[in-house]
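The values are calculated or read from the model by the stated rules, or taken from the named source; none is laboratory data. Everything numeric in this text was worked out from a predicted model, so none of it was measured. Cβ: placed from backbone, ideal geometry, glycine included. Neighbour counts: every protein chain shown. Note: accessible area is taken over every heavy atom of the protein model, side chains too, but ligands, DNA and RNA are not part of it. Shrake-Rupley method; radii C 1.70, N 1.55, O 1.52, S 1.80 Å.
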Amino acid sequence: MNDTATRHIICPACQAKNRVPLSRLGEQPICGKCQAPLFMGKPIDATTATWERHLQSELPLLVDFWAPWCGPCRMMAPEFVRAAGLLEPEFRLLKVDTEAEPALGQRYGIRSIPTLALFANGREVARQAGAMQAAGIAAWARQAVR
């Protein structure tokens, strides 16, 4: 691995952009601005206000579009948390509550929930509707970025 290769990682706490060497991603890096962990082993709740900032991350973003009234969404929620443990620091996992953030659901044409969408380099590269278990989520995400 090239020791000088880096990735820009957005801090889940303060939204600062951090440049992290690839060789140090697995070493629990912290934010240079607020000292918060850059990876917490759980998805980040994304809002319309923070969405664009997260799209600037150089990690693939795996996004769960969900709603609180959706039974399958609530069933998949703990699986998505487990998937974060399997996928970080290779991926950043976000959750978008389509009830609280309808503009994001509309922007991406979310018609059924739960829907997983995978973004790389700021654009959507894959989508999967329906509830999944953690291992399936991780396998699907890794396959989609190949």
When Lys and Arg each count +1 and Asp and Glu each count -1, what net charge do the other residues less than 15 Å away from V125, Cβ to Cβ, add up to? +2
Once the Cα atoms of region 99-138 are picked out, what are the Rg and Dmax in Å? 11.1, 30
Just the number, please: percent antiparallel of the DSSP beta bridges in the chain, rounded to the nearest 5. 70
Report, in whole Å, the centroid distance computed from the Cα atoms of region 1-77 and region 78-146. 13
To the nearest Å², the heavy-atom accessible area per residue of region 2-146 with 1.4 Å probe amounts to 51
Rounded, prolate or oblate for region 63-146? Axes are the square roots of the Cα gyration tensor eigenvalues, ordered a ≥ b ≥ c, and the cut-off for rounded is a/c under 1.5. oblate
Formal net charge of residues neighbouring G32 (Cβ-Cβ distance under 15 Å; K, R +1; D, E -1): +4
Between A126 and residues 5 or more places away or on another chain, which pairs have amide H atoms under 5 Å apart, with H built 1.01 Å from N, and which residues are they? L118
Sorted by accessible area (1.4 Å probe), largest first, how do L86, L55 line up? L86, L55
Just to be sure I understand the model, the point goes 7 Å from the Cα along the line to the Cβ. What's the resulting K17 to R127 distance in nm? 2.7
Cα gyration tensor shape for region 63-109, rounded if a/c is under 1.5, else prolate or oblate: oblate
Stretch Q35-A103 to full length: gain in nm at 0.36 nm per residue minus the Cα-Cα span? 21.4 nm
Can you give the accessible area of K42 in Å² (nearest 10), computed on protein heavy atoms with a 1.4 Å probe? 100
From the square roots a ≥ b ≥ c of the eigenvalues of the alpha-carbon gyration tensor of the chain, which class results: rounded (a/c under 1.5), prolate (a/b over b/c), or oblate? prolate
Trypsin sites (Lys or Arg not before Pro) within region 107-142: DSSP coil, no more than 15 neighbouring Cβ in 10 Å: R111
For the A49, E27 Cβ pair and Förster radius 25 Å, calculated FRET efficiency rounded to 0.05 is 0.25
Evaluate the charge dipole of region 1-125 about its Cα centre and quote only its size in Debye, nearest 20, assuming +1 on the Cβ of each Lys and Arg and -1 on the Cβ of each Asp and Glu. 160
What is the magnitude of the charge dipole of region 66-146 about its Cα centre, with +1 placed on the Cβ of each Lys and Arg, -1 on the Cβ of each Asp and Glu, and no other charges, expressed in debye to the nearest 20? 220
Projected area averaged over all directions for the convex hull of the alpha carbon atoms of region 28-91, nm², comes out at 5.0
Summing +1 per Lys or Arg and -1 per Asp or Glu among the other residues with Cβ less than 11 Å from R7's Cβ gives +2
Just the number, please: carbon plus sulfur as a percent of the accessible area of the chain, 1.4 Å probe, no ligands or DNA/RNA counted. 51
Please list, in chain and number order, the residues 5+ apart from A16 or on another chain whose amide H is under 5 Å from its amide H, with Hs placed from the backbone. C11
